[in-house]
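The values are calculated or read from the model by the stated rules, or taken from the named source; none is laboratory data. What you see is a predicted model; the values in this text were computed from it and never measured. Using ideal geometry, Cβ is built from the backbone for each residue, glycine included, and neighbour counts are taken over all protein chains shown.
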């Protein structure tokens, strides 16, 4: 099986489907032309893929193949049915990604990388792939270590990677779900409106709702928030048009925000919010 081809097909199919759904049933009007944001967001995807393939000898799927061939990992210590191995591996990896996400907000150095994702001023499916290459490298290294420690089955790891890509597109989509459907889905999975809280401009709100797939992690660990108090998305910093270009996003971890960033972020008639300092998560 060509893992890279499978991931590409699933990604392109998912994005095309969601882009069409966003056009037919948008949650909010997008003030910025999509093509301008797509150049930057999908440009990051291309660079991320190239960097990972060039710099890492292994991906998570390769680690799973090694664990399977050499019978290493916690799941191989006790004989378990294949189906149960898959379920345990998927749940464990999802919990790991939840805590990794929290770590990106808590550790100042990691926040400098992760804020590239949060600096998008509006949300659509393309926001789900807007990550700095160094964050993608860090995430892959964590997944490789976790897959080896678990001894996760190859099929389960591939399924997790496909779900991770698909859900990242879905949870960032500018898609209006019926309120009752959204409320019902939230008891099991992360929905676009649930994740939208995580992109609020207010730090006390974007430090909530860290889950990628299962909503249970946020409820279990006390990070769940039902609604944001403001419709304003993104960060108080880096709101100028030039800060949204691909070169600026790549350099953003090394860039100090403009002095007038706080005022630029506020809707007319509102007082400035407290700005997140460089090197701090709150």
Show the residue pairs that are 6+ apart or on different chains and have beta-carbon atoms under 6 Å apart, the first residue being within region 236-257 and on the phi > 0 side of the Ramachandran plot, the second being surrounded by 19 or more Cβ atoms within 10 Å (Cβ to Cβ) and in a loop (DSSP other than H, G, I, E, B).
238/119; 238/257
Kindly state which helices (runs of 4 or more DSSP H) lie completely within region 82-177 and contain at least 1 residues that are farther than 24 Å from residue 8 by Cα and at pLDDT 95 or above.
82-106, 108-118, 133-150
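I need a count of the residues in region 43-73 that are assigned to a helix (DSSP H, G or I) and either in contact with a strand residue (DSSP E or B) (Cβ under 7 Å, 6 or more places away or on another chain) or surrounded by 15 or more Cβ atoms within 10 Å (Cβ to Cβ) (or both).
Initial filter on region 43-73 (assigned to a helix (DSSP H, G or I)): 43-55, 60-70.
Retained after the next criterion (residues that are either in contact with a strand residue (DSSP E or B) (Cβ under 7 Å, 6 or more places away or on another chain) or surrounded by 15 or more Cβ atoms within 10 Å (Cβ to Cβ) (or both)): 43-45, 47-49, 51-52, 60-68.
Within region 43-73, residues that are assigned to a helix (DSSP H, G or I) and either in contact with a strand residue (DSSP E or B) (Cβ under 7 Å, 6 or more places away or on another chain) or surrounded by 15 or more Cβ atoms within 10 Å (Cβ to Cβ) (or both) number 17.
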Quick check on region 2-42: of everything there that is free of Cβ contacts under 8 Å to residues at least 12 places away in the same chain and not in a helix (DSSP H, G or I), which residue is farthest from residue 173 (Cα to Cα)?
2
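Please count how many residues of region 112-132 are over 13 Å from the mean Cα position of the chain (by Cα) and surrounded by 18 or more Cβ atoms within 10 Å (Cβ to Cβ). If you could, list the steps in order and put the result at the bottom.
As a first pass, look at region 112-132 and keep what is over 13 Å from the mean Cα position of the chain (by Cα): 112, 121-122.
Filter once more, keeping what is surrounded by 18 or more Cβ atoms within 10 Å (Cβ to Cβ): 112, 121.
Total meeting the criteria: 2.
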Here the residues within region 193-219 that are part of a helix (DSSP H, G or I) and under 19 Å from residue 87 (Cα atoms) are 216, 217
